[in-house]
Each structure stands twice: as C-alpha cells, then as structure tokens.
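The values are calculated or read from the model by the stated rules, or taken from the named source; none is laboratory data. Predicted model, so just to flag it, every value in this text is computed and none were measured. Heads up, the Cβs are rebuilt from the backbone with ideal geometry, glycines too, and the neighbour counts pull from every protein chain shown.
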Amino acid sequence: MAIIDFFDRGWRINPHGAAYIQDERHYSYQEVGELSCRIANTLLATGFGREAKGAVWADNDVFAWTCALGLWRAGMAYIPVNGRNVAEENQYVLDFFDCEVLFFQRQFAEVINGLRPRLPKIRRWVCIDADLPWAPSLAEWSEGQSTTPPQVAVDPDDVVVLSPTGGTTGKPKGVMNTHRSLQTYFAQAMMVHPYNGARPVNLAAAPMTHTAGMLSMPCSAQGGTVVVITRPDPVAMFGAIVKYRVTELFLPPTVIYRLLDIPGIDKLDFSSLRYFFYGAAPMSVEKLKRAMAVFGPVMAGGYGQTEAPASISYLPPYQHVVDGQLAPDERLSSVGRPNPLIRVEIMDAANRILAQGGTGEICVRGDLVMKGYYKAPDKTAETIVDGWLHTGDIGHIDAEGYLHITDRKKDMIISGGFNVYPSEVEQVIWAHPAVQDCAVIGVPDEEWGEAVKAVVELNGGQDVSAAEIIALCKQKLGSVKSPKSVDFVPALPRSPVGKVLKKDLREQYWQGVERRI
C-alpha cells in the first residue's frame with residue numbers, strides 16, 4: 001500500500017463523516033480528500049515528480065496536514081519542519097534535504113522570507129493561509145485543479161517521509177522512511193490496539209510534525225475523527241476529550257506529569273478514553289501509576305525510533321495489570337513486548353544474538369526499518385548491518401518477553417520527548433571565550449525525564465555565570481536544547497589520552513537512580 005491509501009480507506013468508508021475537527025470546525029473526508037487532490041494535481045502540473053522533496057513549516061493545523069497528504073498523493077517525500085526550532089536549524093534541514101517546495105503558515109512568513117536567499121533549491125513557496133507578494137495562498141495556488149486522485153506509480157520502497165534526527169556531529173541526519181516501513185507501522189498500530197469496528201476519535205495534542213501526525217493515520221484509516229489542538233492548552237484538551245468523546249491520544253511523559261498536577265483533574269470525565277499512549281521519553285513508574293488512577297486502565301506504553309517508527313514494542317493497557325491489580329514495577333518500567341511484524345533481538349559487540357535475559361544492544365529487523373540516512377551511505381552502513389538496525393540502545397528481554405531499555409550507547413539526551421545531542425550544545429558553549437572545556441549530559445528530572453546539564457571548566461582568570469551560558473544556548477539553539485543548569489568544576493575527568501569521561505560525570509548525578517529510557 002501507498003501511505004495515502006490509509007487516508008483514502010477512511011475516505012471511502014466514511015466520506016461525509018468528520019475526518020478532522022479544529023476550533024469546532026468539522027472537515028469531512030470528502031472536503032479534505034478533494035483538497036489533497038487539488039494540491040497533488042497542482043504539484044504534478046508544476047513539474048514535481050516521484051520522491052521530489054516538499055516540506056510543511058507549520059503548527060498543528062488541518063490545512064497544513066492536508067498539504068502533507070497532498071505531497072504523498074503526488075508521490076513526493078514529506079519533510080516535517082518543527083516550528084519551535086531556531087530558524088537556522090530549519091534552514092539547514094531544508095537545504096541539506098534538497099527541499100523544492102515549501103508550504104508554510106503566515107505566522108512564519110517573516111522568518112522564512114529572511115531565509116529565502118539561503119534556500120536556492122526551493123522552487124515554489126506556498127502560504128497556507130494568506131496571499132503574499134512572493135507566495136500565493138494555498139487556495140489561490142491550487143484553484144481550478146481537479147479533485148480526482150491522480151494516477152501516480154509508486155514503489156513500496158519509495159521514500160515518503162524524510163525526517164530530521166540528530167547525529168553525533170550535532171547536524172540532523174535525514175531518516176528515509178518508505179511506504180513499506182510506514183505501512184508496517186500503521187498495520188501494527190491497528191493490530192495491537194483494535195477497535196473491533198468502532199470508529200476511533202484521536203486527539204492530536206502533541207506536535208503533528210513530531211509524533212501525533214503519524215499516530216493519527218491509523219485513526220483515519222478506520223474512518224475515525226482526528227481532533228486537532230492548535231496549541232498546548234490543558235483546558236482545551238480536557239474540553240475536547242469530553243466534548244468529542246476522544247478515544248485515544250498521545251502525550252510525552254513531561255506533559256502527562258503537568259496534567260497530573262492540575263487541581264481537580266481526578267474529577268474530570270475520561271470515560272471515553274481507550275488508549276492513552278505515552279513514550280518518546282523515560283516515564284516515572286510512580287507517575288505512571290498515578291496516571292492510571294486518574295485516567296483509568298487505558299495507559300499504553302511503547303518504544304520506537306525515527307529509524308523504526310514508533311512501533312518496535314508495545315505495552316497495551318491490559319498488560320499494565322495482573323489479576324486485577326497493578327502489574328509489578330518490573331513490567332511497568334518496560335517498553336512492552338516486541339510488535340508482531342518485526343524481529344527484535346539483543347546483540348553483543350560482535351553482532352551475535354544473546355540468550356534471553358542477556359544485556360546488549362537492541363537490534364531490529366523487518367519491514368519497519370528505514371531505508372537509510374539521506375545522502376549518508378556511511379552512516380547507513382554503520383547503523384544497518386546485515387539487515388539489522390542497531391538502535392544504539394542497551395537493554396534486555398526478560399523471561400516473560402518484555403523489552404527493557406537500561407542505557408544508551410550514545411550520549412543522546414531525551415528531555416520531554418525531544419532528542420538533545422550533547423555535541424551540538426557543547427559546540428555553542430565552547431565558543432564562549434571564558435570556557436576552556438565542557439561536557440553536556442542528561443541528569444534525572446522528575447518533570448522532563450532527563451534535564452540537560454552543562455559541566456563547564458573555565459579558562460584561568462575568566463568568569464561567566466550559569467545564566468549567561470544558558471542564555472547563549474537559548475539564543476543559538478532554542479529552549480528545548482539549552483541546559484537547565486550549569487555546574488562549574490576546576491577540571492573535567494579525562495582518560496589518559498585526554499578524552500572527557502562523561503560516564504564518570506553522569507555517575508555523580510545518577511547515584512541511586514536507575515537510568516531508563
């Protein structure tokens with residue numbers, strides 16, 4: 001199947017039903033489907049072909065998501081752009097990924113206009129919600145085009161999503177996911193949380209450019225409704241759950257923690273929920289138990305990577321309990337059992353599969369695995385070895401078949417559901433004239449799972465405050481990647497060859513705390 005076939009399945013079985021709801025406005029499958037056809041036919045008429053690259057720079061919005069559907073319908077590859085990133089990072093992604101057409105909301109127009117001279121590969125600019133001198137509106141640009149789906153030849157291994165993900169250099173790599181890898185993800189999602197003929201109601205409260213967009217596709221494939229929340233607002237979210245009888249939603253743990261602290265949340269009506277997905281960051285077992293008490297027996301955990309999207313393993317609601325009681329902490333701290341359409345094994349440093357219970361690197365094989373990294377065959381060859389995706393995560397599979405992630409080979413920090421790569425932050429701090437050396441690590445944090453900490457060694461006779469370091473990082477990288485705290489030390493721990501020993505640094509902060517993903 002092509003990725004657009006999943007939306008079209010919902011369109012066929014529920015043409016006049018609400019495909020999306022935003023700000024109380026209902027958009028039928030027929031309306032969204034026809035607009036996506038106009039977008040696709042305009043793209044094809046403009047000369048964009050199979051696997052050409054198109055991006056959408058927007059916050060959560062039905063029309064923005066319809067642009068992604070249009071790109072897929074034209075056989076193109078969609079580049080999701082996070083509106084919260086600093087402009088320079090998005091400029092790098094668009095240029096390195098060879099973006100040729102960019103759809104964007106007018107709130108980003110000034111920033112994008114300033115970047116245009118540095119994006120010479122983009123041949124078409126389309127403003128979703130306004131007419132601009134240099135970019136027509138979506139309505140004007142697609143006016144008069146056919147609302148009939150175009151006939152576009154596809155191959156299961158065509159690239160349809162080109163997602164930025166960080167690397168050891170700090171510059172994003174492009175993960176190439178295909179019709180094949182995404183249909184495997186969608187199929188597994190529908191298998192492991194069934195509706196038995198009922199129509200789901202999905203709440204897209206998290207960024208659709210991050211996880212919520214892809215999580216909405218299985219809902220659409222079943223003719224369900226996706227309720228789009230345009231900005232993080234607990235009042236709006238709770239109101240939508242009750243009003244539209246939401247059956248499923250995804251939130252990272254840090255947001256769930258904030259919700260649990262809202263007074264009176266335990267008195268709200270969450271009876272419509274069947275699946276409350278959590279993941280993308282470590283989840284406190286104690287707060288998971290609180291969430292189950294508040295939201296009911298609906299919590300659903302899981303594990304995935306951009307390279308194997310969202311569905312390596314799954315811990316469904318019923319596995320959170322045993323004989324009517326909360327499951328043991330050992331199970332609740334796991335990321336569930338491997339999903340049915342892939343193979344998951346634990347390997348040692350020589351790529352040998354370990355016996356059950358052995359600790360090593362988590363490796364994945366099957367149609368879920370990405371095609372590779374864009375324009376980076378060397379990195380692809382390092383990551384996919386003999387067909388096995390090496391995740392870089394360390395863990396084990398217990399006697400009951402549950403997957404546990406206990407450490408990471410790489411130094412990546414997952415803070416509030418977002419990946420932070422220390423080298424990128426270190427590059428900024430190193431640039432400060434008072435800094436001799438630094439190391440950026442993740443430290444335990446009740447709200448964020450992990451918080452970014454900078455440990456800094458200053459030049460002799462120099463001085464700089466923690467606030468100045470944090471402000472510099474925010475200016476260069478944005479708030480998500482910036483340190484939440486800074487410690488100053490006389491000298492960083494180093495190996496005999498002078499390499500900073502981050503493991504020794506981390507141990508100081510993680511004593512008595514089990515580091516899990």
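The table below gives the values:
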item: Selected residue [touching a helix residue (DSSP H, G or I) at 6+ places or on another chain (Cβ under 9 Å) and at pLDDT below 95] from Leu315, Leu288; result: Leu288
item: The range 2-17, residues that are over 23 Å from the mean Cα position of the chain (by Cα) and not basic (Lys, Arg); result: Asp8, Gly10, Trp11, Ile13, Asn14, Pro15, His16, Gly17
item: Selected residue [among the polar types (S, T, N, Q), out of contact with any Cys (no Cβ under 7 Å at 6 or more places or on another chain) and surrounded by fewer than 15 Cβ atoms within 10 Å (Cβ to Cβ)] from Gln105, Gln151; result: Gln151
item: Residue check for Phe63: hydrophobic (A, V, I, L, M, F, W, C) and over 24 Å from Ala204 (Cα atoms); result: no
item: Leading residue by the ranking (farthest from Lys173 (Cα to Cα)) among those in the range 90-134 that are of a type in the set (Asp, Glu) and touching a strand residue (DSSP E or B) at 6+ places or on another chain (Cβ under 8 Å); result: Asp131
item: Answer from Arg12, Arg50, Arg38 - the residue that is among the basic types (Lys, Arg) and closer than 16 Å to Cys219 by Cα; result: Arg12
item: Failed item in (1) crowded, with 16+ Cβ neighbours inside 10 Å; (2) farther than 23 Å from Asp411 by Cα; (3) under 34 Å from the mean Cα position of the chain (by Cα), with Val464 passing the rest; result: (3)
item: Conditions (1) of a type in the set (D, E, K, R); (2) part of a loop (DSSP other than H, G, I, E, B); (3) closer than 30 Å to Pro340 by Cα: number failed by Asp393; result: (2)
item: Selection within the range 355-378 - in a loop (DSSP other than H, G, I, E, B) and in contact (Cβ under 8 Å) with a residue 24 or more places away in the chain; result: Gln356, Gly357, Gly358, Thr359, Asp367, Leu368, Val369, Met370, Lys371, Tyr374, Lys375, Ala376
item: Options Glu51, Glu88: the member that is within 23 Å of the chain's Cα centre (by Cα), on the phi > 0 side of the Ramachandran plot and at pLDDT below 95; result: Glu51
item: Some residue of the range 495-509 being aromatic (Phe, Trp, Tyr) and either on the phi > 0 side of the Ramachandran plot or touching a helix residue (DSSP H, G or I) at 6+ places or on another chain (Cβ under 8 Å) (or both); result: no
item: Subset of the range 239-273 that is assigned to a helix (DSSP H, G or I), in contact with a helix residue (DSSP H, G or I) (Cβ under 8 Å, 6 or more places away or on another chain) and without any contact (Cβ under 8 Å) to a residue 40 or more places away in the chain - its residue that is nearest to Glu450 (Cα to Cα); result: Ile256
item: Residues (of a type outside the set (Phe, Trp, Tyr), under 26 Å from Val101 (Cα atoms) and in contact (Cβ under 8 Å) with a residue 40 or more places away in the chain) located in the range 6-32; result: Asp8, Ala19, Gln22
item: Which listed residue, of Gly49, Gly83, is assigned to a loop (DSSP other than H, G, I, E, B), of a type outside the set (A, V, I, L, M, F, W, C) and within 20 Å of His179 (Cβ to Cβ); result: Gly49
item: Unique match (being part of a helix (DSSP H, G or I), modelled with pLDDT of 95 or more and touching a Leu at 6+ places or on another chain (Cβ under 9 Å)) among Gly75, Gly70, Gly114; result: Gly70
item: Number of the condition not met by Ile346 [criteria: (1) among the aliphatic types (A, V, I, L, M); (2) buried (at least 23 other Cβ atoms within 10 Å of the Cβ); (3) part of a strand (DSSP E or B)]; result: (2)
item: Criterion (modelled with pLDDT of 90 or more, touching a helix residue (DSSP H, G or I) at 6+ places or on another chain (Cβ under 6 Å) and not aliphatic (A, V, I, L, M)) met by exactly one of Phe276, Phe295; result: Phe276
item: Number of the condition not met by Phe277 [criteria: (1) closer than 23 Å to Glu330 by Cβ; (2) outside any strand (DSSP E or B)]; result: (2)
item: Residues satisfying the stated conditions in the range 429-461, i.e. of a type outside the set (Val, Ile, Thr), part of a strand (DSSP E or B) and more than 22 Å from the chain's Cα centre (by Cα); result: Gln436, Asp437, Cys438, Ala439, Lys453, Ala454, Glu457, Leu458
item: Restricting the range 380-411 to residues that are charged (D, E, K, R) and modelled with pLDDT of 95 or more, the residue that is nearest to the chain's Cα centre (by Cα); result: Glu382
